[in-house]
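These notes are about the structure you will find just below.
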Amino acid sequence: MILFLVSFLAGALTIVSPCILPVVPFIFSREGQPLFRGILPMLFGMVASFAGVATLSAVGGGWAVEANGAGRAAAIALMAVFGYTLLSPRAAAVLSRPLVAAGNRISGRAGVAGSLVLGIATGLLWTPCAGPILGLVLTGAALHGASLQTTLLLAAYAAGAATSLALALLAGGRVLAAMKRSLGVGERLRQALGIAVLAGVGVIALGLDTGLLGRLSYAGTSGVEQSLIDRFAPAAPSAAAEASAAPETSATGLVLADARRIYRSSLPVEGVLPSLDGATDWLNSQPLTTADLRGKVVLIDFWTYSCINCIRTLPYLRAWAEKYRDQGLVVVGVHAPEFAFEKRIGNVQKALRDFAIPYPVAIDNDFRIWRAFGNSYWPAFYIADATGRIRHHQFGEGGYEQTERVIQDLLAEATKGQTAGSQAGEGGLVRPAGQGAQAPADLDDIRSGETYVGYRQAANFASPERDGIDQPRDYTVGALRLNHWGLSGNWTVGAEQARLNRAGGAIVYRFRARDLHLILGPVQDGKPVRFQVTIDGMPPGSDHGTDTDAEGFGTVSETRLYQLVRQAGAVRERTFEVRFLDPGVDAYAFTFG
């Protein structure tokens, strides 16, 4: 009961916080409405929508944030329309007709329905100043799972804010009424409220309510909230509890560790680490569960072995896995295939050997782990702390220094007894030197992007013959513009790849980048296919890739990414051609670096 009272009082304090300012115009726009038909339904809608969305955030993590983002956008649009109707009586008359009719059909009382909808929208827009009390509620839910108590605590927090807003509205309503009677400026006042609403919409849409105003509000009220916690919370944990493997908690599951003695990272909680049970197989390890990983800092890497962006991250992943293994870091690769050949376990096993990957790899051929994370990218990093909460993510290449700092920060947090003055970022960062395709891309000179050869995702195909899908056909190539490509010889173009039917066929691409890669594979396992690369009609010489020699010769012996060009000098626009001396090769996609 004490915690509910503290949550209610903390919510009431938001009336003196600058972060509440953007929603104040929406509240005062209901001035003059009856208490039970105008004011209370709006405040009830605000409390219900805030408590519901905040509960979903605690339960669902990333997907709930996306749902809240959609709701926020809809609410901003609704408020913009509402503010415009305050400015323009004619617009109000036109726009209100269908809304009034809808409200009458729903409840028979348009005033109540309209106020309730406005309150729900206001609750979606309102982001409370996340002071210590609200932080404790959400942290406890993330650590121990959301419950009915979580929702009730959030509702108490929102009810406190609604109560203070209602008192301000009732007092402010008398002030506004007196102004109307004495000054006769009702229409101007209405327009001023409309301007205030639109200004509030602008503040929220630009993120100022959660940025500058949020920081101002935290500074203004966190001290009072913290004093409430200090007054009502149980005593600090004992020394024995501080040395235990898990943080000391109260009966409600709220973290009560003394921030002056135990280091706590400031990284936000993005969700809870999903289950890894969807893996169809495991390599380099027995199957791992989230329970097995509890107490460890975990880096989940979504990758696939022919993806050049994934390949270029591997030197960092190997270095982190080695450097921080004894300090409590576990790197787990989740191999989610893009092409059908990447589902073959033998192909992935060979890739692990070729790339010298020592850490566990879950085979996610059915994309069950991918869907559990709500992932959409190769590569993608998700980093979870020792309690199983996701605290950071990185989509795509780059961000290596920040990612390593996050690892250091969460390892420091997992170390009990560390003083708050210790810096998690102390110590050097890894500087791996990737070789071949694993070397960092030359981002300053890339003007060409990933290009698929199969018709399902193909783009910029320049051969004039375009009706040979899924059947053999002779193709030709003429002059090409930048980033256009074509086939010559007899090919069968399928959904994922093009297959060469007769020796002598070629692929030509006009590109600009330091590196050119092409995913290739033999049609028959164990039957290699010879090829020769030329650049601007000449052997590549010093511009050859790791899978060709100076004369441009190479062999396709397995299905993987082949580096065919690495320009040694200045990068400029070039015409690439690979001509196959044997039939029976599949070509999947170009990538560049």
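Computed over protein heavy atoms with a 1.4 Å probe, the accessible surface of the stretch 423-508 works out to 53 Å² per residue. Annotation for R456 and L5: the two label points, set 7 Å from Cα along the Cα-Cβ direction, are 6.3 nm apart.
Over the stretch 290-341, with every protein chain in place, what whole percent of the accessible area is carbon and sulfur at 1.4 Å, could you tell me? Carbon and sulfur atoms account for 41 percent of the accessible area of the stretch 290-341. For the stretch 427-472, taking Cα atoms only, Rg and Dmax work out to 18.6, 60 Å respectively.
Proximity of backbone amide H atoms, modeled 1.01 Å from N, is registered between L276 and T290 at under 5 Å, excluding neighbours fewer than 5 places apart on the same chain.
Whole-Hz Karplus values for the stretch 397-412 come out as 5, x, x, 5, 5, 4, 4, 5, 4, 4, 4, 4, 5, 6, 5, 5 Hz, taken residue by residue from phi with 6.51 cos²θ - 1.76 cosθ + 1.60 and θ = phi - 60°; glycine and proline positions read x.
Averaging 1/r over every pair of different alpha carbons in the stretch 274-329 and inverting the result gives a Kirkwood radius of 12.9 Å.
Seen from H335, the other residues with C-beta closer than 10 Å to its C-beta sum to a net charge of -3, counting Lys and Arg as +1 and Asp and Glu as -1. Straightening the chain between A372 and A340 buys 9.4 nm, computed as 0.36 nm per residue apart minus the Cα-Cα spacing.
Cα-based radius of gyration for the stretch 309-456, normalised by 2.2 N^0.38 Å, reads 1.16.
The slack between F395 and Q327, meaning 0.36 nm per residue of separation minus the straight C-alpha distance, is 22.0 nm. Amide hydrogen proximity for D366: with H placed 1.01 Å from N in the peptide plane, the residues at 5 or more positions away or on another chain lying under 5 Å are T280.
For the pair A291 and R530, the difference between a 0.36 nm per residue extended length and the Cα-Cα distance amounts to 81.1 nm.
Relative to the Cα centre, the charge distribution of the stretch 417-543, modelled as +1 at Lys and Arg Cβ and -1 at Asp and Glu Cβ, gives a dipole magnitude of about 300 debye. Taking amide H as placed 1.01 Å from N in the peptide plane, the amide H of I446 sits under 5 Å from none that are at least 5 places away or on another chain. Take the Cα of R502, go 7 Å toward its beta carbon, and the backbone nitrogen atoms of the stretch 454-487 under 15 Å from that spot belong to 472-477.
Extending 7 Å from the Cα toward the beta-carbon at both T575 and T546 defines two label points whose distance is 3.0 nm. The local environment of A433, defined by Cβ-Cβ distances under 13 Å, has a net charge of +3 under the rule Lys, Arg +1 and Asp, Glu -1. Coupling constants for the stretch 153-162 follow from the phi torsions by the Karplus curve (6.51 cos²θ - 1.76 cosθ + 1.60, θ = phi - 60°), and in residue order they are 5, 5, 5, 5, 4, 5, 5, x, 5, 5 Hz; glycine and proline get x. Rolling a 1.4 Å probe over the protein heavy atoms leaves E558 with an accessible area of roughly 50 Å². The base-10 log of I(q)/I(0) for the stretch 516-571, evaluated at q = 0.12 Å⁻¹, reads -0.27 [Debye formula, identical scatterers on Cα atoms, solvent excluded]. Which value, in Å to one decimal place, does the Kirkwood hydrodynamic radius take for the stretch 418-560 when every pair of different Cα atoms is included? For the stretch 418-560, inverting the mean 1/r across all distinct Cα pairs yields 17.7 Å. Here the Karplus curve 6.51 cos²θ - 1.76 cosθ + 1.60, taken at θ = phi - 60°, turns the phi angles of the stretch 541-555 into couplings of x, 6, 8, 6, x, 5, 9, 9, 9, 5, 7, x, 7, x, 9 Hz, with x standing for Gly and Pro.
The values are calculated or read from the model by the stated rules, or taken from the named source; none is laboratory data. Given the structure is predicted, the values throughout are model-derived calculations rather than measurements. Heads up, the Cβs are rebuilt from the backbone with ideal geometry, glycines too, and the neighbour counts pull from every protein chain shown. Note: accessible area is taken over every heavy atom of the protein model, side chains too, but ligands, DNA and RNA are not part of it. Shrake-Rupley method; radii C 1.70, N 1.55, O 1.52, S 1.80 Å.
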